[in-house]
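The values are calculated or read from the model by the stated rules, or taken from the named source; none is laboratory data. It should be emphasised that the depicted structure is a prediction, and the values quoted were computed from it without experimental measurement. Ideal geometry is used to build each Cβ from the backbone, glycine not excepted, and the neighbour counts take in all protein chains shown. Accessible surface is based on the protein model in full, side chains and every heavy atom, while ligands, DNA and RNA are left aside. Shrake-Rupley method; radii C 1.70, N 1.55, O 1.52, S 1.80 Å.
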Amino acid sequence: MIKAVFLDRDGTLIEDVPYCSRVEDVRLFPSAAKAITILIKSGYKVIVVTNQSGIGRGYFPDQAVYDIHEYIKSQLAFKGAFIDAFYYCPHIPMDECECRKPNPGLIIEAKNDFDIELNQSFIVGDSLTDVEAGQKVGVVGVLLGSGHGNDSCLMPDHVAAGILEAAEWIVSQPIK
């Protein structure tokens, strides 16, 4: 059984910079490496799932997202942490694709690539669209307290102040 924690990127793992396209603008949250290490030591794959509509809007190329992900990996490696995989949606909302959260396409792609048990997995994000994407496929949703609300009646399974608190809560949950 392979279980995973899916992490949103902007506002969850790194500071939210609208349409972030430059490595120089990436600021990893101070507790991100520790949170990821806790999850890995508890047997979780750690997978980033992120909407990157700046690509579809023509603001920056795919290479910018790749460079940012490589930079994040290098910054985490300095602290002994790692991400198993990054998945991103380059589409704009009007494209109505299956990969843009709140659709679960990125999660399903990762599930297929890693043979993940979704009912044993979690998603952590700063937006209800992150939580919704996970809940659509049976993943437990954790909303970060700094999260962006919306008019949805959707309820996260848990609310945490930040990524470290979310990780500590996840590993404290009984095995299903």
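For the reader, a short list of remarks on this structure follows.
- Every residue from region 88-112 that is touching a strand residue (DSSP E or B) at 6+ places or on another chain (Cβ under 7 Å), touching a residue at least 24 places away in the same chain (Cβ under 8 Å) and open to solvent by 40 Å² or more (accessible area, probe 1.4 Å): Tyr88, Arg100
- Evaluated against (1) open to solvent by less than 20 Å² (accessible area, probe 1.4 Å); (2) in a strand (DSSP E or B); (3) of a type outside the set (D, E, K, R), Gly145 falls short on exactly one condition, (1).
- Among the residues of region 72-81, the one identified as in contact with a helix residue (DSSP H, G or I) (Cβ under 6 Å, 6 or more places away or on another chain) and either within 19 Å of Asp130 (Cα to Cα) or open to solvent by 70 Å² or more (accessible area, probe 1.4 Å) (or both) is Lys79.
- Looking only at region 1-45, and only at residues there that are over 21 Å from Glu132 (Cβ atoms) and acidic (Asp, Glu), the one that is surrounded by the fewest Cβ atoms within 10 Å (Cβ to Cβ): Glu24
- Only listed residue being more than 19 Å from Leu39 (Cβ to Cβ) and open to solvent by 30 Å² or more (accessible area, probe 1.4 Å), chosen from Glu117, Glu132: Glu132
- Close pairs (6 angstrom Cβ cut-off, 6 or more residues apart or separate chains): in a loop (DSSP other than H, G, I, E, B) in region 155-176, open to solvent by 50 Å² or more (accessible area, probe 1.4 Å) anywhere: Ala161/Gly145
- Check on Asp126, in contact (Cβ under 8 Å) with a residue 24 or more places away in the chain, open to solvent by less than 40 Å² (accessible area, probe 1.4 Å) and outside any helix (DSSP H, G or I): yes
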